[in-house]
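Here the structure is laid out as structure tokens; the discussion comes afterwards.
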Amino acid sequence: RSNSVTAELLTELVNTFGSERVLTEPEDLYVYSYDGAFGIRHQKLPVAILRLKSDEEEKTLKQVSEKYGVRIVRDEWYRKELGDDELPILFVDTKPSIDLDTLIERLGELERDRAERRQALRLIKPLPQWYVSSLRAKDGYRIGERDARDKGYCVVQPFFDGVETYSSKGRLLLSRGLLSGELEASERLVDSLFSCTACGQCYDQLGREELEINNAIIRARHEISKAGKGPGVCRITLRNIHEEGNPMGMPAEDRTIWWEDVEGKFPYSGNDVLYWPGCTTAYRLPGVVEATVKVFDKAELDFGVLGVRERCCGLLLYLNGQWDEARESANRLCHELKEAGVKQLVTNCAGCYYTFSRVYPILGMQPSFSVIHTSQAMEGLIDQNRLHLRKLKRKYIWHDPCDLGRHSKVFEAPRNVLRSIPELKLEEPPLNREHTICCGAGGGLWMYDSDLSERVARSKLEDDIRPLGVDGIVTGCPACILSLRNMASSVLPEVEILDLSEVVSSCL
Ligand code: SF4
Ligand code: SF4
């Protein structure tokens, strides 16, 4: 079979079905040649992937395949012997993305399995290590077992028409292909890996916490950055952090412009606690700073703020793959905070919390101070009877920010704070805690593709939140607040989007 026949076939497919439905990039062929992300690979690459939508199109495809003598393969082709002929292989993909209802059902199954296994473990103790490992491995391969072409649920994939190259399976394979040298940092690969919120919804579905697919993706971004192939936005972020100390490029001296009085009244000078708002809160959500300070002051906490001396934690550098720069910036910051005598840092920013507690160790650093989230600090103050909260007759949910919840396992502290407010009704969405659906702002996506980020936020509000009929969403991350507030103003204007400190301060 000559290349010209293949070229003619591809031209006819494009003319018949439209170019957006015929995938021929090396990255697409690579991803579709594998079953689940950890699975087997077929020895032959397809010449193209055709995304079919209707039975009517099946008839047209039949005519085209007969004309060119194409071998059509679908779903289970990885395990089939195709013989030695040189017929071009056309992979036909008819599967839509997994929807939210299917995800809820699956995670329910996973929870039941976990409960059964925990029960079994209790009955037959002590277990040999190999047995425990095999149980865990089975979980890891669930996607492969369930369906050879299961893409897993990914919050952004529906906005790419369900194409596997933009699924969690696809991103993990592309990361692996790049890191093993099989693939290059092409435009499509870079686009797929940066169109990810790093939310970790995908590893939650595998039932194995140690498989943090988001970290594999960020590791691959590091490779892209080293090759100088990162998107332009990475260079801008780096420049902003270097020049102004924040990723947005706002003047450093304007950090406290909306809360100068706080800086004047509570300057940090070796207090028990350093309150750290982080860049986004400092510049964009001064009300959260005011509310947090009001709560801490009421509880007579010995705290202070750095004000204009505060600088970015470097999370975006890490997420963009600029690890050397992130390490350098983190080193400097850790040194400064140590010199300032910081013993405990309390932040309302889930991103900062995650960065200090999890990213810095990944970069080879251990801060000399402890880090807690404001929800944990407030829970402690309530436990010590230092805060007495008035009633609030509202129905709220707690939205677990990915960086605080799934990635850091802080689930109960904020819920306990909300439960301690008389008459406040705390609802839970069907997917909560480690299963929470991302708000769309994570992973640097709001910088890389704000339109995509907004679409994720919209679908979360419409599909996940609207059916609950709550008065508000309370959370602990400035990026979540901005993303949800921005979209809620048009989608669910009656729903308030609040930081935990704003709720607590309104009950003092
Ligand atoms: S981390 Fe989130 S956005 Fe990225 S691949 Fe996984 S589910 Fe998709
Ligand atoms: S994680 Fe916090 S400090 Fe870092 S960029 Fe985001 S808001 Fe700023």
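The values are calculated or read from the model by the stated rules, or taken from the named source; none is laboratory data. Worth saying up front: this structure is predicted, and the values here are computed from it rather than measured. Methodologically, a virtual Cβ is constructed for each residue, glycine included, from the backbone with ideal geometry; neighbour enumeration extends over all protein chains shown. Ligands, DNA and RNA are excluded from the accessible area calculation, which covers all protein heavy atoms including side chains. Shrake-Rupley method; radii C 1.70, N 1.55, O 1.52, S 1.80 Å.
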State whether one or more residues within the range 267-286 are part of a loop (DSSP other than H, G, I, E, B) and among the aliphatic types (A, V, I, L, M). yes
Out of all the residues in the range 468-508, which are surrounded by 19 or more Cβ atoms within 10 Å (Cβ to Cβ) and hydroxyl-bearing (Ser, Thr, Tyr)? 475, 483, 501, 505
Check on residue 239, among the charged types (D, E, K, R), assigned to a helix (DSSP H, G or I), under 30 Å from residue 174 (Cβ atoms) and open to solvent by less than 20 Å² (accessible area, probe 1.4 Å): no
Per-region count, the range 260-288, residues surrounded by fewer than 23 Cβ atoms within 10 Å (Cβ to Cβ) and over 23 Å from residue 450 (Cα atoms): 15
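Okay, residues lined up against (1) within 14 Å of ligand 2 (Cβ to nearest atom); (2) over 28 Å from the mean Cα position of the chain (by Cα); (3) under 29 Å from residue 171 (Cα atoms); (4) free of Cβ contacts under 8 Å to residues at least 60 places away in the same chain:
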| residue | (1), (2), (3), (4) |
| --- | --- |
| 235 | no, no, yes, yes |
| 253 | no, yes, no, yes |
| 282 | yes, no, no, yes |
| 298 | no, yes, no, no |
Do the conditions hold for residue 315, that is, is it in contact (Cβ under 8 Å) with a residue 40 or more places away in the chain, touching a Ser or Thr at 6+ places or on another chain (Cβ under 8 Å), open to solvent by less than 50 Å² (accessible area, probe 1.4 Å) and among the hydrophobic types (A, V, I, L, M, F, W, C)? yes
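Residues checked against (1) among the aliphatic types (A, V, I, L, M); (2) closer than 24 Å to residue 19 by Cβ; (3) open to solvent by 10 Å² or more (accessible area, probe 1.4 Å):
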| position | (1), (2), (3) |
| --- | --- |
| 48 | yes, yes, no |
| 57 | no, yes, yes |
| 61 | yes, yes, no |
| 74 | no, yes, yes |
| 81 | no, no, yes |
| 87 | yes, yes, yes |
Considering each residue of the range 422-459, count those that are within 22 Å of residue 215 (Cα to Cα) and of a type in the set (D, E, K, R), and give that number. 3
Quick check on residue 225: is it farther than 19 Å from residue 354 by Cβ, in contact with a Ser or Thr (Cβ under 7 Å, 6 or more places away or on another chain) and touching a residue at least 40 places away in the same chain (Cβ under 8 Å)? no
With a cut-off of at least 1 residues that are in the same structural domain as residue 500 (by TED's automatic domain parsing) and away from ligand 1 (no atom under 16 Å from the Cβ), name the strands (runs of 3 or more DSSP E) lying wholly within the range 344-409. 395-398
Note on the range 425-472: residues in contact with a helix residue (DSSP H, G or I) (Cβ under 6 Å, 6 or more places away or on another chain) and closer than 17 Å to residue 499 by Cβ are 426, 439, 441, 457
So, in the range 452-478, how many residues would count as being in a helix (DSSP H, G or I) and either out of contact with any Phe, Trp or Tyr (no Cβ under 7 Å at 6 or more places or on another chain) or free of Cβ contacts under 8 Å to residues at least 60 places away in the same chain (or both)? 15
Checked the range 150-169 for anything more than 8 Å from ligand 1 (Cβ to nearest atom), crowded, with 21+ Cβ neighbours inside 10 Å and in contact (Cβ under 8 Å) with a residue 40 or more places away in the chain; matches are 150, 151, 163, 164, 165, 169
Restricting the first residue to the range 45-65 and requiring it to be in the same structural domain as residue 21 (by TED's automatic domain parsing), which pairs with a second residue that is part of a loop (DSSP other than H, G, I, E, B) meet a Cβ separation below 6 Å and a spacing of at least six or different chains? 45/33; 47/88; 48/24; 52/94
Tell me which residues, restricted to the range 289-308, are open to solvent by less than 30 Å² (accessible area, probe 1.4 Å) and either among the small types (Gly, Ala, Ser) or farther than 19 Å from residue 508 by Cα (or both). 291, 299, 304, 305, 306, 307
